[in-house]
Every structure is written in structure tokens, then in C-alpha cells.
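Comments concern the structure below.
Values quoted throughout were computed directly from the atomic coordinates according to the rules given, and no laboratory measurement underlies them. The shown structure was predicted, so the numbers you read here are calculated from the model rather than taken from an experiment. Neighbour counts run over all protein chains shown; Cβ positions are idealised from the backbone, glycine included.
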Amino acid sequence: MKLDQEPNLLRTIILVAIAYLAFAWLIDDKYYQLILTIVPIWAMMGIAWNVFSGYSGLVSFGHAAFFGIGAYTVALAMIGFNLSPWFGIPLGTLAGVIASVLVGYPTFKLRGVYFSLAMLAYPLTLLYIFEWLGYQEVTMQMVRENSWMYMQFSSQYTYIIVSTVLVATAVYVSGRIHASRFGLSLTAIKQNEAAAEGAGVDAAAWKLRAIMVSGAIAAAAGGYYAVVLIVVTPPSVFGMIASAQAMIMALFGGVATVWGPVIGAAVLIPLSEILHAELGNQVHGIHGVVFGLAIIAMILYAPEGLLPRVRDAWRRRSGAADQSAAEAARRTVQLPEVAAGAERPPIGDRIVLKVDDLSRAFGGLKAVSNVSFEVRQGEVLGIIGPNGAGKTTLFNLLNGFIRADQGSVQFGDNQLIGLKPNQVCRLGVGRTFQVVRPFPRMTVLQNVVVGAFAAEQQNDDRAVELARQALDRVGMLAHEKVLAGGLNSLELRLMELARVLAGQPQILLLDETLAGLGSEEIEVILAVIRRLADEGQTIVIIEHTMQAMVRIADRFLVLDHGSVLAAGKPAEVVRDPAVIEAYLGKKWMDHAKH
């Protein structure tokens, strides 16, 4: 797997651009030439929306804010300062980046529909502000001498060339994002933000970068839109239709794809414009009718967009999907051989993790109360206790998903209290979840590569190498091309473990890794955990299956009602009367005797 697919991407962009320009060369009608000019502009808007919302999953109804800022920057810079659009468009692009930071930073605190509604408020607010400022209709002056310096070309075909170059640049940027850690990180955030954070992905930082790139592309599109139409009005650039078209282009063509927004614009813009020219007098607002019907058609027949629908149909027709499914069914977990005579290294004296007086309450409930313990280098510490004892809450406190009310968590030279999950992960604390959290629409290898980014923050090829090594350690290397959504329970557990291992953690926090597995599957997981322990990996594991825990844990920590009930060697703890009464029960003792 190569994250960077630049050579093929660039070649495809050049070929598509040449084909588009060749087609435009054959068109003589001025109106159709204008349509061919604005198709790339709305494709850019679709790309802008897709770079942010398509990959992150945060639905924006407000991209018209960036589009309008770009348009008004170009128009007002030319009118007020006689600044050529050749400089005005880059200036508008910069304004779009600044606006995206001002918009994104506070709005990311909202979730779901509240985020979408907040984004909708920005362009509507700007619409009224610009009208109040007296910019109801801004007309860019015509220049007679050296008009090309002001992007006032004598031939409409030249406008098409510039428009095509701009959208080609946007496609290239989108393609680079799609095939890089940028795109994988955003996709991981979209599919499971908590899992992405736990794997070391800084969700807030990536979302901010995404909206900055998105705002820049939208502002550039708006700037050139002002050049083409000459007249700029608040409703035309800040209105709902501008935001809606950006979203519809991506939804129709294919969300989170490189070419989806381009396909959406190439189909919908000419269709709506031609119908408007032919039927606009009889059917007012026919643009909205076309876009509305397009969305309905996509919801009914192609929820993921036209491009994914066609691609999946082609794969089914060619038999590729059935072949992949058959290959996946034949794959088995292949654990690497253990070297003969290998012995587990002794537990070290160095304290890797030191927890002191850790507490967290939810209202009047003390979920974790004054918990203290240490974990030494190479040790396997088992945390046991009845349901509701606070075990998973303890893990959430250790890796930053929940903030502690009091206490400290010392990891080497670092204090973990107050850090975000992604920061804790990058320091060397890996964690799996009680309920497996895969990125189902990504392949197994892509899932694990996301975890490898925590260890390798610069070199993508090295991250892929670490991911493959991690998959090999858990016996899942043969599954690297399978979609995670098609894995069974055992394979999902192993893939999640590989994702953690790819981040090169110093300590593993395993939260009920055996949950939901059959006896044979449990043996596979135990073999992997024992192998990791034999390699000197420090592990803290929560588990209810006591027969398994006594086979792998060096020491037990027993929690009950959020407090430490007992701690010590397994043989001692399982005979402790307090532990038997609170957790194991008399049946365990009867079983242990036999």
C-alpha cells in the first residue's frame, strides 16, 4: 500500500483537463461556453465541501460564507485598490483560510445537527452584513488597455482555460489529501472519532486543517466566480443556494471520493442551466427542482453517490466482489512461529505506570475511588471485579477519555492527567476498547496504518511498514486488503490489537479483549497476548474470564464499587475471602479445587 498516489493522479487530471478543453473548443455558442466556464467553479465548491464534510462527517450548510468572502475580496480589491484579480484571487483565498479558522475553531465544539445549523448561520449573517454595508450590487469596472491583466479576456474560451486550471489544482489537492494520512485520519474521525483519538489521531487539529483547505478552495472558486459574472450581490454568493449546490455536487457524484464532486457538477450544472433557459419562464426556481430531484434520486438509488454506485456495479459485473469475498472466507489467522527455547524476560524493576489516589464521581456515584497501583516493565497486570466495579472507567481515566476529579497518573516522566487521548497514545499508552471500534469502511491495513501514525508522524511509507509488522504479529497480514466491516469477531479483536501495536506502545491497556468470543477464538487471543508478554510487552488487561486471566496475569488488581479490594499474585487473590464474596463466588472455589 502506497499512501501517495501522485503520479497516477496527476496523469489522470491532465488527461481529463485536455479532454474537457477539447470538448469546449468545439462549442461556439456563447451561452454554452458560459456554462462550461461555471461547471469547474461549482466543481471546486463541491470539492471544497467534500474535503471537509465528505471526509470528516461534519455536515456543513455554510460553505457559501467562504465562497462569498472570496468573491467580495476580489471585487472590492479591484474597485477600491485597482488590484488585478490575478492577485485578488490569492488574496481572497487567504481571506477564506482566515475565515475558516474563525468559523471552525468555536463551531467544532458543537456536534451533529447543532454544528450544521451553526454553519448555516455564518453565510446568512454575512449576507445581511454586506447588504447593511451598502454592497447590494458590486460591479467590477471594465478595463480597455491590457485587459488580460485584469482577467478580462476577449475570448470566452480563455475563461474556460483558467477555470479548468483552477479546478485541476483543486482536484490535485483533494487527491493528495485522499491518498495521505490527512485523508485517512479524517476518514477515521468520520467513522469513529473516539477510536481515532484513542489511536493517536488529533481530531480537532485535523478538522481544523480540513476546514482551512476547504475554505481556501471555496474562496478561490468565489473569487473567480466574481470575475466571470462581473456583478456580485450578497444573495448570489452568500445565499442558501450556494451552500446547497456545494453539498449537492459532492453528494450526487460521491462523498469522500476525488472525482465525485467533479462528476456531480458536470451532470447537474449543465442540466439545470439548460432547463432554466428553456423552461425558466414556465417553471420558476427550476434550479432548485433539479437539485431536489437529484438528492431524492441519490437517496433512493445511490446513497453513497453516483461514482461509488457505478464502481460497485462494475465490480459485481466483473466478479471482483465475489472473488474478494471468497478469498476473505478462505483466509485464516496465521500466528508467526515462536523461536524454540525462547524464554520470557523477567519483570523489570522500572515502574512504567504509577497511579496515585485516582478518583472520579458521577453525581453521587463514586465510579473510581482513591485507586492506587503500579505497573512494572514487562509485567502483565490483570484488573478484575464485578460488573460496575469501575474497571473501564479506570481505563478511560488513564488514557484521557474522562478527566479525573483527583489523583495522578505518572507514565515515565509524563503526567497523564489533563492530556487528551491522542496525546496519551502518542506518549506510548495503547488501548483497545470493550466494544470493538473499527473503521468499517476502511481496509484492515488502513485501520492499522491509522494507529501507526502515532509512532511515525512524518514518513507515511514507514507507517505502512509498521502496520504490516503489527498485522503479522497478530496473524492478520493475509487480511490486509479486506474491508474491516466484513471481519468476524475474532478478526476484529485482532485487527484492533494490531492497530494499537502499530503505534509502538510502551504499555498496552486491553479492555475485555476476550468478550464475545468462543473457546477456540479465546485460545487464539491468549496465544497472541502470551507472545507479546514473552517479547517483554507491558500489559494491563481487564477481563471477566478468570480461567484465562490466571493463565496470563502476573498479578491481579481487584476492584469493587470503584475501590481497590485486593492486589497480589493470582494464586493469593483468588483465595482471598473478600474477593470470593464480592466477585468469584463459592462456585469458583469448588471449580478451583477440582
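Kindly identify the range 118-190 as rounded, prolate or oblate by the Cα gyration tensor criterion: order the square roots of the eigenvalues as a ≥ b ≥ c, call it rounded if a/c is under 1.5, otherwise compare a/b with b/c, prolate if a/b is larger, else oblate.
Verdict is oblate for the range 118-190.
The HN-Hα couplings worked out from phi for the range 39-56 by the Karplus form 6.51 cos²θ - 1.76 cosθ + 1.60 (θ = phi - 60°) are 4, x, 5, 6, 5, 4, 5, x, 5, 4, 4, 5, 4, 8, 6, x, 8, 8 Hz, whole numbers, x standing for Gly and Pro. Counting only Cβ charges, +1 for Lys and Arg and -1 for Asp and Glu, the dipole size of the chain around its Cα centre is about 260 debye.
Only beta bridges with both residues in the range 351-593 are counted; by DSSP, about 55 percent of them are antiparallel. Compute the Cα gyration tensor for the range 351-593, then decide on rounded, prolate or oblate, letting a ≥ b ≥ c be the square roots of its eigenvalues: rounded whenever a/c is under 1.5, prolate when a/b is larger than b/c in the other cases, and oblate in all that remain. Since a/c reaches 1.5 but b/c is at least a/b, the shape of the range 351-593 is classed as oblate. Over the chain, DSSP H runs of length four or greater, each weighted -39,500 (n - 2.57), average out per residue to a 222 nm ellipticity of -18000 deg cm²/dmol. Magnitude of the charge dipole for the range 6-250, about its Cα centre and with charges confined to Cβ atoms of Lys, Arg (+1) and Asp, Glu (-1), is about 420 debye. Going by the alpha-carbon gyration tensor, a ≥ b ≥ c the square roots of its eigenvalues, is the range 474-594 rounded (a/c under 1.5) or, if a/c is not under 1.5, prolate (a/b greater than b/c) versus oblate? Prolate, because a/c is 1.5 or more and a/b exceeds b/c.
Between the helical axis of 85-107 and the longest alpha-carbon principal axis of the chain there is an angle of about 40 degrees.
With θ taken as phi - 60° and the Karplus curve 6.51 cos²θ - 1.76 cosθ + 1.60 applied, the whole-hertz 3J(HN,Hα) list for the range 11-27 is 5, 5, 4, 4, 5, 5, 4, 5, 4, 5, 5, 5, 5, 5, 5, 7, 8 Hz, x standing for glycine and proline. Here's the picture: charge each Lys and Arg Cβ at +1 and each Asp and Glu Cβ at -1 in the chain, and of Phe556, Val231, Ala246 the one pushed furthest to the positive end of that dipole is Phe556.
Rounded to the nearest 5, the antiparallel percentage of DSSP beta bridges internal to the chain is 60%. Only Cα pairs under 8 Å and 6+ residues apart enter the sum, and on that basis the relative contact order of the range 6-250 stands at 44 percent. Between the range 273-293 and the range 109-134, the C-alpha centres lie 27 angstrom from each other. The value of relative contact order for the range 421-575, using C-alpha pairs under 8 Å at least six residues apart, is 24 percent. Across the chain, the relative contact order, built from alpha-carbon pairs under 8 Å that are at least six residues apart, equals 16 percent.
When log10 I(q)/I(0) by the Debye sum over Cα atoms at q = 0.06, 0.09, 0.10 Å⁻¹ is computed from the coordinates, the matching label among (i) -0.40, -0.89, -1.06; (ii) -0.31, -0.70, -0.86; (iii) -0.41, -0.79, -0.91 is (iii). Using a cut-off of 18 Å between Cα atoms, the listed pairs Lys109/Lys190; Lys109/Lys420; Lys207/Lys481; Lys366/Lys391; Lys109/Lys391; Lys109/Lys366 include Lys207/Lys481; Lys109/Lys391; Lys109/Lys366 as exceeding that distance.
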